[in-house]
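Heads up, the thing below is written out as structure tokens.
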């Protein structure tokens, strides 16, 4: 992420890898203070072919502003799950750009109309780069993540988040733990591009689970400094999440001991941590 970026920005550069640029967009922003209220969306742009893909469409206006400012079109819009705060801007964007909508075939009955229905495990070309569809049920049973290895990013929306994971509205703890393991298996250098700015609350909770985790305490200083400037804490490196995110650490005995569950199955440890967060 670019350092010392002014707090009134709605677009933040995530990474450039070869021809691919990834941009994060603040949506649902209070224009009077330019403070992030909720969602993030992400653009993947290929500078060689000009193709651009959007991951989730929380709100059309800021996304359209960023596209217009850069002179980009919008070939594809990928929907990670059916919740309104990830699809509210979809119709307006499709009308403006003629974008093709991509989503999980297994969840098509409750997603907006899909032009391309994909299955978990599939590979699809987005912005002319291969992307892998990862099944990540838990928050919803039809949630998908998108791994773009050439951009070194995984777009996780409300599955894996910075220092957290999504609330289990539909799936089971066992399903979400399986989802966490699938995401944890990606390369350590991967940027985790999640859908919400929940990091400070997640950090406060994580410290109750592992109060002696030195990596968490070091991260707390960096998170506090960013938020004091109105800067986002998303995305995060997967390597850092593996050191600090309790939902990725449920099979580690250091975490199980910390919550008095030594020897318990990892899925049970995960379920206990998630329940504690729900009551936090």
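Regarding residue 146, is this residue farther than 16 Å from residue 235 by Cα and either over 11 Å from the mean Cα position of the chain (by Cα) or not in a loop (DSSP other than H, G, I, E, B) (or both)? Spell out the reasoning first.
Working: farther than 16 Å from residue 235 by Cα: no; either over 11 Å from the mean Cα position of the chain (by Cα) or not in a loop (DSSP other than H, G, I, E, B) (or both): yes.
Answer is no for this residue.
One line per residue, one yes/no per condition, for (1) within 28 Å of residue 86 (Cβ to Cβ); (2) surrounded by fewer than 21 Cβ atoms within 10 Å (Cβ to Cβ):
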residue	(1), (2)
199	yes, no
248	yes, no
252	no, yes
257	no, yes
262	no, yes
267	yes, yes
271	yes, yes
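Looking only at region 208-222, which residues are in a helix (DSSP H, G or I) and surrounded by 11 or more Cβ atoms within 10 Å (Cβ to Cβ)?
208, 209, 215, 216, 217, 218, 219, 220, 222
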Single condition residue 26 does not satisfy, out of (1) under 15 Å from the mean Cα position of the chain (by Cα); (2) modelled with pLDDT of 95 or more: (2)
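Count, please, the residues in region 66-109 that happen to be part of a helix (DSSP H, G or I) and within 20 Å of residue 196 (Cα to Cα).
Quick first cut of region 66-109, residues part of a helix (DSSP H, G or I) only: 66-70, 84-86, 90-97, 105-109.
So of that shortlist, the ones also within 20 Å of residue 196 (Cα to Cα) come out as 66, 84-86, 90.
Number of matching residues: 5.
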Members of region 47-65 found to be under 21 Å from the mean Cα position of the chain (by Cα), in a loop (DSSP other than H, G, I, E, B) and at pLDDT 95 or above, listed by number: 56, 57
Per-region count, region 161-173, residues farther than 19 Å from residue 81 by Cα and in a helix (DSSP H, G or I): 0
Output for region 225-240, where each listed residue is more than 30 Å from residue 261 (Cα to Cα), in contact with a helix residue (DSSP H, G or I) (Cβ under 8 Å, 6 or more places away or on another chain) and assigned to a helix (DSSP H, G or I): 227
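The values are calculated or read from the model by the stated rules, or taken from the named source; none is laboratory data. Computed from a predicted structure; not experimentally measured. Virtual Cβ from ideal backbone geometry, glycine too; neighbours counted across all protein chains shown.
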